[in-house]
1. If we scan the range B:227-237, do we find a residue that is in a strand (DSSP E or B) and touching a residue at least 60 places away in the same chain (Cβ under 8 Å)?
2. Taking the condition more than 11 Å from chain A (Cβ to nearest Cβ) and part of a helix (DSSP H, G or I), does residue C:45 pass?
3. Any chance the range B:58-68 includes a residue that's more than 12 Å from chain A (Cβ to nearest Cβ), crowded, with 20+ Cβ neighbours inside 10 Å and in contact with a strand residue (DSSP E or B) (Cβ under 8 Å, 6 or more places away or on another chain)?
4. Scan the range B:23-50 for residues that are at pLDDT below 90 and within 11 Å of residue B:60 (Cβ to Cβ) and report the count.
5. Consider residue C:71 carefully, then state whether it is part of a helix (DSSP H, G or I), under 23 Å from the mean Cα position of the chain (by Cα) and crowded, with 20+ Cβ neighbours inside 10 Å.
6. From the list B:110, B:103, pick out the single residue that is within 11 Å of another protein chain (Cβ to nearest Cβ) and free of Cβ contacts under 8 Å to residues at least 12 places away in the same chain.
7. Answer with yes or no whether residue B:86 is under 19 Å from residue A:195 (Cα atoms) and either away from every other protein chain (no Cβ under 12 Å) or in contact with a strand residue (DSSP E or B) (Cβ under 7 Å, 6 or more places away or on another chain) (or both).
C-alpha cells in the first residue's frame, strides 16, 4: 500500500498543472480547429477556409513577416545573450549585476515597445539627436524608421526584452560547468574556440534549444508588440487573425481560426524537430554504447 | 649537469593582490616524479596552473628543458594537466576522448585511431573503445583521462589530486599502477596532493608547501625523518614538537607500562591510551599526553586497554633541534 | 598590452550594457515630469506634474489599477498552487512518462495563446466566465504556468531533498517543513515566480480583451489609446505605472517574507 502511494505520488502532485495544460491547450486548440473546419453558417465540414487562406497573398505576406521577425529576433537574442553570458558570467554572480539583468524582465512588452518608439521613432530621441548634429532638417528625413514593413521596431523590442531572458536561462549552466575543463582542453592543445566547442556548447545545447523554441513560439504569435509597432500592411499573423475575428459579420471567423491553426502547426513542428534533434544527441550520450 | 625538465625560478603569482605563490624554486629532473604536498589552500593547485599557463605569473619564470615558457599560451606548452575529476567529454566515446589531443594536432583519423587503440591496450581498457564515459567507473574514467594525456607525448604531466575522488583502496592501487606506467614511459610528472602517504608512495622526491612557499624538498623518507622546519615537521612528519623548536619523530618512541624499567639517557612522557585499532595487522594506540597537551598515534607491541596509564620514551639523540638546522 | 585592450573592451561592453538597461528608465522618468517634450528637443524645456495629473484624472484609471493588481495577485496564487507541487515532483521524482509530462507542461507557451483564447471563448461564454475577472485570471495561467514550473523545478533541484528530510527526521510536520525549511531556501525562486507571473499578467492585452470581452478593464486595456496618442509625457507616466505596480508588489512580497522569517 505504501509502495503504491509512493508510486502515484508524483502523478498526484502533477495532476493539477497537467490538467490545466490539457484543458487549456487541448480544449482551446481543438475548439479553434473545429471552428476553422466548419462552415460559419451551416456548420458543415469544409476545408474551404484553408484553401482560401493558402491562395490569399495577404496571408502569405503576414506569414513571411511573422516568420522572419520571429526568426531574426530569436537568433539575435540567443547569440547576444550567449556572448554576454560567456564573457561576463563572473560578474553576474554578484547580486547587483543580476538585478540589472532582471530590470527588462520587469518591464511589460507593451511598455518596451513604447520605449522603442520613444528612442527610435521618427519623432524619437535619436531623430532629435540627428537634427542637433545637423544630419537631418526635417522629421521626415529621419533614416532609421522602425515602424516599417520589415518589423524593425518589433525585432528591437524583442531583443531588448529577450536578451536578459537568455542570460538568465544560460547562467545556471555556466555556473555548473566545471571550470577545469578549460585547463584540460588548453593543456591538450586547444584554444578558446575549442574550449567553447567541446566543453561549453554540449552543456549549453539543450538549454539553447529550449530557449530558442520558447522565444520563437512567443514572438511569432504575440500580439501586444506588433499592435503598437506594426504597420497596417502586412500585419503579423496574430493581428491578421484578430482583425478577421472581429470583422462585422462572423464570416471571417473560421479563417481567423485557420490563421492561428497554421501558426500553431508551424511552431509545434519546429519545436518537435528541434527537441527531437537535441533529445537524440542526449540519448546517444546516456545509452553508453 | 643536465638541464632539468622543469625548473621554476622565483615564481610568484598574485590573485587580486593576494600573494598565492611566494618565490617558488623547484626543479624536476627528466623521468622524475615529484610530489608537492601541503595542506589545502597552500597554493599547490595554483602552482600547477601557473606551470600549465592557466594563471598569469607576476614574477619569476618557468623553464621547460631550459626554454622559457613563462609567456607561452597553455595550448602551446608541451604540458598536460589532469584533475581530481576525470573530466572526460560526456558526448564523446572513450576512443574519441583519448584521441582528442591528436585531433587537435591535425593527425589523420586512421593514425589517430591506431595510436588510440594502442594506448587503450596500454591502459587495459581495450574493450571499452566505443563506450561513453558515464558508463565507466571512477577508476576507469581516470585511466582513460590518463591515456588522453599520455597520448600527446607531453614533456611533463601535471596531476592535481587525481585520486582524491576515489575510494581509499582503489586510490592506492590506481596510484601504484599509474606510477608504474609513468616509469615505463620515462615520463616526468609533478603531482599535487594533501595526502602525505600518497605522496610518499608515488614520488621520487617530495616538496612540502605551506602558505605559498616550498619549505623542503627531498626523498620522502629523508623529509619525514629529518624535517627542517616546524611547518614540515607538523605537516609532513609525525611526532612530538617541543617548545616549537625540538622535534622527535614517532619511530623513535616506544610505549611501556611501568616506569621501573626506565633507563638513563631517555626522555619520558606520561599519558594514557585514548583508543586503539588494528591496521595492516599492526596495533595502533591513540595516546593523549598529560603534560604537553599533544596527541600521538604510535604502533605498539604490548596490549593495553583504553584508559590505561602509559609512559612513552625516546632516546635523547633522537631529538632534532629545528632551529640549529636552520 | 593585450590584457589592457581586453580590459578596456570589457569595461566598454559593461558600460554599454548598464546604459542600455538603465537609460530607458531614466528617460521614462524624466519624460513623465516634462511639461512638454516635442521633436526636436533633446531634453524637455520645462518640468511639471502635468502628465501625472492627467493620468490620475483618467476616470477609469483607479479602477483599472485595482482590477489589474487583484487579477495579477490571483494569478500568482494560482501559479503557486499548481506550480509548487509540479516543480517538486519534476525535481525529486523519477516516474514513467516524465518526459511526456514535461512536454505537455511546456505546451501552453508553445501554442499561440491567441489560438487558445479564441478557441476557449465560446466555452467561457457558456460557462459564464467570459466578461468576468475569473475567466481572465484563469486564461492568464496559460502564458505564466510553464515559466513558473520551470523556475520552481530548478529551485527545488538546487536545494535538494536532504534538508527537508533532515527536518522531517527531527520531527517537523510537512507543513512546518515547508514553512521553516523549503520556503526560506526556495525564496529566490518564489520571488522570481511572483515577479514574472505578475508582469506577464499585467502585460496581457489580447487575452484580457478576448475573455474579458471589454468588461474587465485592466491597465493594458486603457494603455493603448495613450501610446497611439501624441502626448509623450502622459504615456511615459502611464508606462511607469506598470513598473511601479510591479515593484510595489515585489516590495510587499519581500516584507511578507522578512516578517515570516522573524516569527520563526
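1. At the first step, the residues of the range B:227-237 found to be in a strand (DSSP E or B) are none.
No, the range B:227-237 has no match at all.
2. Numbers: more than 11 Å from chain A (Cβ to nearest Cβ): yes; part of a helix (DSSP H, G or I): no.
No, not satisfied.
3. Residues of the range B:58-68 more than 12 Å from chain A (Cβ to nearest Cβ): B:58-68.
This time we only want the ones that are crowded, with 20+ Cβ neighbours inside 10 Å, so: B:62, B:64.
Then keep just the ones that are in contact with a strand residue (DSSP E or B) (Cβ under 8 Å, 6 or more places away or on another chain); that gives B:62, B:64.
Yes, some residue in the range B:58-68 is more than 12 Å from chain A (Cβ to nearest Cβ), crowded, with 20+ Cβ neighbours inside 10 Å and in contact with a strand residue (DSSP E or B) (Cβ under 8 Å, 6 or more places away or on another chain).
4. 0
5. Details: part of a helix (DSSP H, G or I): yes; under 23 Å from the mean Cα position of the chain (by Cα): yes; crowded, with 20+ Cβ neighbours inside 10 Å: yes.
Here the answer is yes, as residue C:71 does meet what is asked.
6. Working: B:110 fails: within 11 Å of another protein chain (Cβ to nearest Cβ).
B:103 is the lone residue from the list that is within 11 Å of another protein chain (Cβ to nearest Cβ) and free of Cβ contacts under 8 Å to residues at least 12 places away in the same chain.
7. Numbers: under 19 Å from residue A:195 (Cα atoms): yes; either away from every other protein chain (no Cβ under 12 Å) or in contact with a strand residue (DSSP E or B) (Cβ under 7 Å, 6 or more places away or on another chain) (or both): no.
Judged against the criteria, residue B:86 is not a match.
Rundown of residues vs (1) surrounded by 19 or more Cβ atoms within 10 Å (Cβ to Cβ); (2) at pLDDT 90 or above; (3) under 16 Å from the mean Cα position of the chain (by Cα), yes/no style:
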residue: B:133; (1), (2), (3): yes, yes, no
residue: B:138; (1), (2), (3): no, yes, no
residue: B:155; (1), (2), (3): no, yes, no
residue: B:160; (1), (2), (3): yes, yes, yes
residue: B:163; (1), (2), (3): yes, yes, yes
residue: B:168; (1), (2), (3): no, no, yes
residue: B:174; (1), (2), (3): yes, yes, yes
residue: B:202; (1), (2), (3): yes, yes, yes
residue: B:219; (1), (2), (3): no, yes, yes
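The values are calculated or read from the model by the stated rules, or taken from the named source; none is laboratory data. This one's a predicted model, so the numbers in the text were calculated from it and none came from an experiment. Cβ coordinates were reconstructed from backbone atoms using ideal geometry, including for glycine residues, and neighbour counts include every protein chain displayed.
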